[in-house]
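S.K.: Dropping a structure here in structure tokens format, bear with me for questions.
The values are calculated or read from the model by the stated rules, or taken from the named source; none is laboratory data. None of these values were measured; they are calculated from a predicted model. Glycine also receives a Cβ, built like all others from the backbone with ideal geometry; neighbour counts cover every protein chain displayed. Ligands, DNA and RNA are excluded from the accessible area calculation, which covers all protein heavy atoms including side chains. Shrake-Rupley method; radii C 1.70, N 1.55, O 1.52, S 1.80 Å.
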Amino acid sequence: MHKRQFIKNMAMTSMAVPLGLAGIANSFKMKANWTPDALAKEEDFWRSIRNQYVLKPDYINLENGYYNFLPQPLLEKYIAHIKEVNLQGSYYMRTVQWENKKKIVTRLAALAGCQADELIITRNTTESLDLVIGGQNWEAGDEAIMAYQDYGAMLDMFEQVKNRYGVVNIMVSIPNHPKNDEEIVDLYKKAISHKTKVILVSHMINISGQILPIKKICEMAHEHGVQVIVDGAHAFAHIQYKIEDLGCDYYAASLHKWLSTPLGAGILYINKKRIENLWPLLADGEKQKNKIGRLNHTGTHPVHTDLTIHDCIDYYEMIGHDRKEARMRFLQLYWTNKVRNYPKIIVNTPADPSRSCGIANVGIEGMPPSIMAERLMKEHNVYTVAIDYANIHGCRITPNIYTTTEELDHFVTALISLSKTT
Ligand SMILES: Cc1ncc(COP(=O)(O)O)c(C=O)c1O
């Protein structure tokens, strides 16, 4: 399609008058009797959510996984918090800053399914996980297990721990299409030795969208006395679970991903039993070893981001956890089902709907992922990200709840047309 025509068409799709927050809440109430799966397919309904976003008309954004930017009502709340903190200045910082933070932690803990005294707010998943990885009492020869499909920054941190303390890192590789949970659990089990101290595992692999059986991995690891650190960057506010049910020792997530908070917000859960054995990243005045606050020294930081977390939880709760998950899974299956068996198109995400949600990865036989991403953008106005390592070679596709099936149809047509050029 000619670029100018494409931009004109895309602009037309977002011209409806946006409903305010109250209007949206009302339209959710009117659909209260709908099952999440039925509502997931109701394009007109989701269009009212789409209208709350300001979207660039130049391209279809299928790379929401990096940062789930804010819909306008949340952006306005954020700006209002910035203005208020700017007005109050030090007075805010010296009076209600910490009290407010506590309230936000309490709400986040309820959402995450853990106790408030086991959760801290950090800047992101990287900070949370690096605190846990770097803060262990490592001894030379200790072993840590992780996967090639884990996030690069955490693998880099383990490499630093290896160079600094002589820790031995054992790598496993997660198959893209596992037969069952046991196949995954066994991979980790076989890598355990009497020297294993921790397993790092992704709840949802960021490059393929595959969901791993965390609870079973934790049960198996604990039978061997091994701690489990879970990277939940992409799972939080995307799929539903309670951290306490997973039974892990540590859990980290970024709130600027699926909770759509402003940039620079994350969480870290630490099981009570583990708090006293960790070293903080930044030393704090709290000296009691079993207090999580000891691990949460932040220095002066953007408190207006913390305040906006409240509003983002309100928004997420208004949508409904089950409705969001159903919409995200519907969108992924909508396009993957159309191309999964298509010649030369390789879907690197499991077909079993319980093993993925909104994120999937697709490659084209004979086309390097970087070229695929470039051609999707240049020739078809579809923005994605190329992934080309471990066993995953393709583009990661992350819609958001505002993505339309019309946009996904456009993407599928683009994919098929590219597959015919190799
Ligand atoms: C699985 C996973 N872990 C960790 C991170 C790091 O998140 P952040 O940059 O917010 O710390 C990401 C970011 O995309 C991720 O996908």
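S.K.: Could you list, in sequence order, the residues of the stretch 93-108 that are under 20 Å from residue 275 (Cα atoms) and free of Cβ contacts under 8 Å to residues at least 24 places away in the same chain?
M.R.: Result: 102, 105, 106.
S.K.: Could you list, in sequence order, the residues of the stretch 199-219 that are more than 16 Å from the ligand (Cβ to nearest atom) and in contact with a strand residue (DSSP E or B) (Cβ under 9 Å, 6 or more places away or on another chain)?
M.R.: 218
S.K.: A further question on this structure: Among 305, 300, 349, which is open to solvent by 30 Å² or more (accessible area, probe 1.4 Å) and either within 16 Å of the ligand (Cβ to nearest atom) or among the hydroxyl-bearing types (Ser, Thr, Tyr) (or both)?
M.R.: Exactly one of 305, 300, 349 is open to solvent by 30 Å² or more (accessible area, probe 1.4 Å) and either within 16 Å of the ligand (Cβ to nearest atom) or among the hydroxyl-bearing types (Ser, Thr, Tyr) (or both), namely 300.
S.K.: Let me ask something additional. Starting from residues that are touching a strand residue (DSSP E or B) at 6+ places or on another chain (Cβ under 9 Å) and among the acidic types (Asp, Glu), keep the ones in the stretch 375-422 and report whichever is least open to solvent (accessible area, probe 1.4 Å).
M.R.: 407
S.K.: Just one of the numbered conditions (1) within 30 Å of residue 382 (Cα to Cα); (2) in contact with a Lys or Arg (Cβ under 9 Å, 6 or more places away or on another chain); (3) surrounded by fewer than 20 Cβ atoms within 10 Å (Cβ to Cβ) is not true of residue 70; which one?
M.R.: Looking at each condition in turn, residue 70 falls short on (3).
Per-residue answers, yes or no, for (1) over 24 Å from the mean Cα position of the chain (by Cα); (2) not in a strand (DSSP E or B):
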position	(1), (2)
350	no, yes
354	no, yes
358	no, yes
362	no, no
376	no, yes
379	yes, yes
387	no, no
393	no, no
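S.K.: Looking at 257, 289, which is the one that is among the charged types (D, E, K, R), in a loop (DSSP other than H, G, I, E, B), within 16 Å of the ligand (Cβ to nearest atom) and open to solvent by 20 Å² or more (accessible area, probe 1.4 Å)? Talk me through it step by step, then tell me what you get.
M.R.: Details: 289 fails: within 16 Å of the ligand (Cβ to nearest atom).
On inspection, the qualifying residue turns out to be 257.
S.K.: While we're here: For the subset of the stretch 231-247 comprising residues that are part of a loop (DSSP other than H, G, I, E, B) and within 15 Å of the ligand (Cβ to nearest atom), which member is nearest to residue 311 (Cα to Cα)?
M.R.: 237
S.K.: While we're here: Under 7 Å between Cβ atoms, which residue pairs at least 6 apart in sequence (or on different chains) link something in the stretch 204-218 that is under 15 Å from residue 389 (Cα atoms) and assigned to a loop (DSSP other than H, G, I, E, B) with a partner that is near the ligand (Cβ under 10 Å from one of its atoms) and of a type in the set (Lys, Arg)?
M.R.: Short answer, once both residue conditions are applied: 207/396.
S.K.: Separate question: Looking at (1) within 16 Å of the ligand (Cβ to nearest atom); (2) out of contact with any Phe, Trp or Tyr (no Cβ under 7 Å at 6 or more places or on another chain); (3) without any contact (Cβ under 8 Å) to a residue 60 or more places away in the chain, which is the only condition residue 124 fails?
M.R.: Going through (1) within 16 Å of the ligand (Cβ to nearest atom); (2) out of contact with any Phe, Trp or Tyr (no Cβ under 7 Å at 6 or more places or on another chain); (3) without any contact (Cβ under 8 Å) to a residue 60 or more places away in the chain one by one, residue 124 breaks only (3).
S.K.: Please indicate, with yes or no, whether at least one residue in the stretch 367-385 is closer than 30 Å to residue 48 by Cβ and of a type in the set (D, E, K, R).
M.R.: Within the stretch 367-385, not a single residue is closer than 30 Å to residue 48 by Cβ and of a type in the set (D, E, K, R).
S.K.: When you go through (1) among the small types (Gly, Ala, Ser); (2) modelled with pLDDT under 80; (3) within 23 Å of the chain's Cα centre (by Cα) one by one for residue 40, which number turns out not to apply?
M.R.: (2)
S.K.: Could you please let me know if residue 44 is open to solvent by 40 Å² or more (accessible area, probe 1.4 Å) and either touching a residue at least 12 places away in the same chain (Cβ under 8 Å) or in a loop (DSSP other than H, G, I, E, B) (or both)?
M.R.: No; evaluated as a whole, the condition is false for this residue.
S.K.: Sort out for me the strands (runs of 3 or more DSSP E) sitting completely within the stretch 102-187 that have 3 or more residues that are open to solvent by 10 Å² or more (accessible area, probe 1.4 Å). Spell out how you get there, then give the answer.
M.R.: Working: elements: 119-122, 143-147, 168-172.
Qualifying strands (runs of 3 or more DSSP E): 168-172.
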